[in-house]
Amino acid sequence: MNHVIAAVTARIIERSAKTRQSYLAAMKRTMKDNPPKKRLSCGNLAHAYAACSGEDKNTIKLMQSANLSITTAFNDMLSAHQPYETYPDFIKEVARSMGSTAQVAGGVPAMCDGVTQGLPGMELSLFSREVVAMSAAVGLSHNMFDGNLFLGICDKIVPGMVIAAASFGHIPAVFVPAGPMPSGIANKEKAKVRQQFAAGEVGEERLLEVESKSYHSPGTCTFYGTANSNQMLVEMLGIQLPGSSFIALDDPLRPALTKAAVERCILNSQAAGTYIPTYEVLTEKSFVNAVVGLLATGGSTNHTMHLVAMARAAGIILTWEDMDELSRAVPLLARIYPNGEADVNHFHQAGGMAYLVKELRAAGLLNEDVKTVMGEGLDSYQKYPTLDEKGNAVWIHDAGESLDDTILRPATNPFNSEGGLRLLQGNLGQGVIKISAVDPKYRALEAPCIVFDDQNDLIAAFKRGELNRDFIAIVRFQGPRANGMPELHKMTPPLGLLQDRGFKVALVTDGRMSGASGKVPSAIHMSPEALFGGVMAKVQTGDRVRFDADNGIVELLVSEEVLAEREVAAQPQQTHDLGRNLFGGFRSLADRSQSGASVFNDAIDFE
């Protein structure tokens with residue numbers, strides 16, 4: 001095993017010893033004191049199955065088989081979650097065929113950052129993760145369920161569901177994907193037209209035409225943003241079936257894999273006698289494997305926060321320093337947009353998850369002694385699913401060679417010897433950068449800064465022609481406590497255009513840029529944020545900033561004496577439309593970005 005992977009894993013285990021032991025004790029105590037269904041009185045039980053068929057009532061009443069929960073993110077506005085409409089009835093049929101039952105425990109909100117991008121609704125986005133976790137917990141709190149099925153895909157939904165699954169870790173959990181939409185217009189063409197629109201070279205009609213060709217049907221968006229990084233992560237964590245993430249919606253394997261997920265959840269329940277609770281799957285070692293997968297594929301920077309928050313829900317203390325150290329040992333094996341031209345369909349066709357796991361295992365980059373929903377070890381995760389003669393999903397074929405080495409490469413010949421993320425540090429605080437998407441020639445610069453308190457101010461300055469120069473944009477008051485930490489992708493086209501014109505530009509912000517972080521060097525998630533003691537609140541336009549992604553530096557070149565004399569800038573007045581006023585409590589409780597930007601850290605402190 002790679003010595004860095006082993007050392008970081010050991011350090012996380014040692015650091016987490018107290019909280020992890022307390023978490024495990026809590027999960028075991030819950031199973032002992034409140035086993036599913038067993039503590040329900042006759043009145044409780046009658047309420048819980050009143051709407052069930054007579055057959056299902058009798059099955060539940062006997063208390064001899066599994067009753068599964070279905071927590072669904074279905075809605076028919078968002079493409080990724082629309083396919084889930086038919087899943088509950090199908091899941092119930094499969095469960096009945098095995099002498100078990102299933103019920104929809106509850107629905108969770110599914111928010112799309114693509115719809116709210118650059119708009120007030122984006123300020124609810126990050127905390128929708130907490131809402132998802134709590135919504136799932138409300139449904140599961142009825143304690144009717146021997147196994148939990150989670151139907152979710154996108155950005156904050158899956159992390160929220162993982163937090164819920166960990167909170168009910170005494171029960172087995174299986175995540176059930178729905179698959180990506182077919183490939184549309186090339187991502188390179190989409191990015192080109194976005195920049196043309198920013199430059200005023202094309203109008204809204206052309207931009208809408210291109211965007212509609214990119215996002216054009218049911219299914220997950222095909223670029224490698226947070227949604228598809230989620231799918232990779234839950235496979236690497238071992239709570240989703242091997243090779244199931246990127247199977248197309250219309251592939252016969254898709255319903256077969258959903259059927260297999262239901263069967264696996266039943267088999268892992270205590271009622272079946274082969275109990276695999278979620279707390280045995282979500283471990284320090286599985287979280288390291290998930291980080292390795294993220295790094296090897298150049299996945300979403302949002303997961304520098306989500307992984308910390310998800311791990312914490314399982315009593316595990318994961319840090320940005322851990323991720324940075326792992327990144328220096330994990331090679332980049334995949335090129336998927338925005339750090340390449342391919343989309344997730346192309347990635348899957350080139351070998352996909354099975355090939356990725358095979359190569360990471362061969363290079364000694366994964367913890368092997370883990371438990372997954374499939375049982376012990378990772379053998380099944382380097383096999384791709386196929387249909388047997390009865391139409392069932394089976395895993396019998398190991399991944400072969402990459403079918404396209406412009407998309408997937410072996411660990412012996414990677415795209416880069418290091419992973420896709422880097423920790424940046426200096427007197428401005430800590431932040432992260434997705435270096436896999438940034439050309440090495442753009443990764444370091446020193447320039448005067450221009451301070452903005454809103455991304456729209458930067459865009460307006462660009463349109464006025466004021467940004468045709470070398471500069472580093474400081475965009476502050478965008479952190480969790482300030483305004484919920486929205487993504488700031490509206491700045492990407494103008495900054496990218498300035499870079500194409502030959503100017504040296506970079507971005508430093510306490511906001512997010514997410515899985516679609518692109519070619520402009522961006523220090524994001526800066527912590528502490530401007531509203532929570534961050535030095536960015538004292539930065540002034542004209543101050544020089546040193547930005548060096550390769551060496552992990554983001555430094556304000558102003559003396560401590562000068563900074564001490566400066567006043568702290570005030571946050572611009574916030575509006576409260578589109579529901580943002582309802583999230584004031586979350587903003588006031590949010591932890592720092594490097595702690596997951598979570599409101600749960602004190603509540604789930606198992607010490």
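What follows draws every value from the coordinates through simple rules; no lab data is involved. Small disclaimer: the values here were computed from a predicted structure and weren't measured. All Cβ positions, glycine included, derive from the backbone under ideal geometry; neighbour counts span all protein chains shown.
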Check your understanding: the stretch 482-599: Rg/Rh from Cα coordinates, Kirkwood Rh?
Key -> 0.98
Check your understanding: So what does the Cα-only Debye profile of the stretch 182-262 read at q = 0.12, 0.25 Å⁻¹, as log10 I(q)/I(0), no solvent term?
Key -> -0.48, -1.17
Check your understanding: Taking H as built 1.01 Å from N, whose amide H comes closer than 5 Å to the amide H of ILE553, not counting residues under 5 places away?
Key -> GLN425, ASP548
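Tell me, in nm to one decimal, what length is gained between ASP404 and ALA25 on full extension, where the rule is 0.36 nm per residue of separation less the Cα-Cα distance? Walk me through the numbers before you get to the answer.
Numbers: separation 379, 0.36 × 379 = 136.44 nm, distance 4.70 nm.
My answer for the length gained is 131.7 nm.
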Study note, to complete from the structure: The FRET efficiency for GLU209 and ARG544, from their Cβ-Cβ distance with R0 = 35 Å and rounded to 0.05, is 0.25
Exercise for review: Rank the residues GLU446, GLU359, GLU560 as a footprinting-exposure proxy: fewest other Cβ atoms within 10 Å of their Cβ go first.
Suggested key: GLU560, GLU446, GLU359
Check your understanding: Which entries of LYS18/LYS285; LYS18/LYS156; LYS358/LYS383; LYS285/LYS371; LYS32/LYS61; LYS156/LYS190 show an alpha-carbon separation above 18 angstrom in the structure shown?
Key -> LYS18/LYS156; LYS32/LYS61; LYS156/LYS190
Point to revise | Highest average packing first - 482-489, 172-179, 199-206, 264-271, Cβ atoms within 10 Å | key: 172-179, 482-489, 264-271, 199-206
Exercise for review: Report, please, the projected area of the stretch 421-572 averaged over directions, based on the convex hull of its C-alpha atoms, in nm².
Suggested key: 7.9 nm²
Review point. Where Lys and Arg each count +1 and Asp and Glu each count -1, what net charge lies around GLY219 among other residues with Cβ under 12 Å from its Cβ?
Key: -2
Check your understanding: Assuming a viscosity of 1.306 mPa s and a temperature of 10 °C, what translational diffusion coefficient in µm² per second does Stokes-Einstein assign to the stretch 367-497, Rh being the Kirkwood radius over Cα pairs?
Key -> 80 µm²/s
Exercise for review: Only helical DSSP H runs with n ≥ 4 go in: add -39500 (n - 2.57) per run for the chain, normalise by residue count and round the 222 nm mean residue ellipticity to 500 deg cm²/dmol.
Suggested key: -11000 deg cm²/dmol
Review point. How high is the relative contact order of the chain, given as a whole-number percent (alpha carbon pairs under 8 Å, six or more residues apart)?
Key: 15 percent
Study note, to complete from the structure: Fewest-first ordering of ASP453, ASP591 by Cβ atoms within 10 Å yields ASP453, ASP591
Study note, to complete from the structure: Rh (Kirkwood, all Cα-Cα pairs) for the stretch 126-205, Å, reads 15.5 Å
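What is the Cα convex hull volume of the stretch 69-155 when expressed per residue in Å³? Could the numbers behind the result be given before it?
Working: hull volume 6.9 nm³, N = 87.
It is 79 Å³ per residue.
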Review point. Computed from the mean reciprocal separation of all distinct C-alpha pairs, what Kirkwood hydrodynamic radius does the chain have, in Å?
Key: 24.6 Å
Study note, to complete from the structure: Checked against the positive end of the charge dipole of the stretch 169-209 (+1 on Cβ of Lys and Arg, -1 on Cβ of Asp and Glu, about the Cα centre), the farthest of GLY184, VAL202, GLY169 is GLY169
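Taking 45 Å as R0, compute the FRET efficiency from the Cβ-Cβ separation of LYS463 and LEU387 and round it to 0.05.
0.25
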Check your understanding: If you plug each phi of the stretch 326-337 into the Karplus form 6.51 cos²θ - 1.76 cosθ + 1.60 with θ = phi - 60°, what whole-Hz ³J(HN,Hα) values come out, in order, with x for Gly and Pro?
Key -> 5, 4, 6, 10, 9, x, 7, 9, 10, 10, 10, 3
